[in-house]
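As structure tokens, the structure follows; a few thoughts come after it.
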């Protein structure tokens, strides 16, 4: 006769939320892959069960949001959107943290107040984009086209603007602390003080 299991009895999938409470549909969706009945309670340390629940909570959000249509305050976090054409899109207040938009077209798009921390716009066309007040810390704009872009008040700390083209852009009040401006085209840029306009031929520094 096999000894009785010392662990809790197996329960149906719908009761798994008892582990961590009802934290919303995103969490419950991730819990669908977690089956209490799959645990061998003879070898699994019961005191580690809370850590399993915490790991589930810390997991990346479901990718379903990446298919949501463009719109104000859309949440596209950790999404792969390379090559997308979002020209003229209203993405004001959007969450684009850790999202890849390499080789994308965002001509004339509205990203005012957007949170794009650590996003990637490598080789993207952002001509006439409005990123006023946006969080652009550690964003990669390598070889991106930002002609006439509105970047007033944007947080560009530690952003990578290597070989980016900012011709005619407005950087009034922007924070460029630690930003990489190596070979960045700055001709006609209104500088962070809101007064100085960079001379034609300015590359890597505002002349």
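Values in this text are rule-based calculations from the coordinates and carry no lab data. Computed from a predicted structure; not experimentally measured. Cβ placement follows ideal geometry from the backbone for every residue including glycine, while neighbour counts extend to all protein chains displayed.
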So, residue 157, is that one at negative phi and free of Cβ contacts under 8 Å to residues at least 12 places away in the same chain or not?
no
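Which residues, taken from segment 150-182, are in a loop (DSSP other than H, G, I, E, B) and farther than 16 Å from residue 204 by Cβ?
151, 152, 153, 154, 157, 158, 168, 172, 173, 174, 177, listed by residue number.
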Tally up the residues in segment 80-91 that are closer than 23 Å to residue 158 by Cα and over 14 Å from the mean Cα position of the chain (by Cα), please.
0
